[in-house]
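The structure appears below as structure tokens.
The values are calculated or read from the model by the stated rules, or taken from the named source; none is laboratory data. Computed from a predicted structure; not experimentally measured. Positions of Cβ are generated from backbone atoms using ideal geometry, with glycine treated the same way; all protein chains shown enter the neighbour counts. For the accessible areas, the whole protein counts, side chains as well, though only heavy atoms, and no ligand, DNA or RNA atoms are used. Shrake-Rupley method; radii C 1.70, N 1.55, O 1.52, S 1.80 Å.
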Amino acid sequence: GGGRAAPMDPNKMRDPRWDFFIAVIAGPLSNILQAGLWAILFRMVAMWAPDLLLSSAFLENLLFFGIMLNLRMAFFNLIPLGPLDGHWLLGKFGLIGLILISQMIARNGGPNFLGMLINPPVEFLFKLFAGIKDG
């Protein structure tokens, strides 16, 4: 694996906005599709030949890693950094998604991730500006 980012020029596409979006989302979606195919194989073997799955560490590992590797590649590719697809995808939709997901989790009793990120510096600066001392 010496994979490199494939450069794309949206200006050379017929419909730059949508064609670029389709080209960028194709990588993670293809990994998720491949993980689904590996999962179907895993379930078929587990259902029809469970003894084969249990007796063959190679087959079990092949199917397991077929699923895991593709899921990891899909979500790794969505990290919003540099040449990864997430740089463009999550850069556009990430803020909206972060706010909505954080609020849904918080409403269901989970931690408020957005609040955890924003509240400490806000509280620190509020206390500093307002002259409030800890203690």
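Name the residue from Leu125, Ala35, Met13 whose Cα lies farthest towards the positive end of the charge dipole of the chain, charges +1 on Cβ of Lys and Arg and -1 on Cβ of Asp and Glu.
Of Leu125, Ala35, Met13, it is Leu125.
If I take every Cα pair under 8 Å that is 6 or more residues apart in the chain, average their sequence separation and divide by the length, what percent do I get for the relative contact order?
Details: 89 pairs, mean separation 24.9, N = 135.
Computed value for the chain: 18 percent relative contact order.
So, with a 1.4 angstrom probe, what is the percent of accessible area on the chain that is carbon and sulfur? Walk me through the numbers before you get to the answer.
Numbers: 7430 of 10640 Å².
Here carbon and sulfur together make up 70 percent of the probe-accessible area.
I'd like the Karplus ³J(HN,Hα) series for segment 8-24: coefficients 6.51, -1.76, 1.60, θ = phi - 60°, whole numbers in Hz, and an x wherever there's a Gly or Pro.
10, 10, x, 5, 8, 9, 4, 10, x, 5, 6, 5, 5, 4, 5, 5, 6
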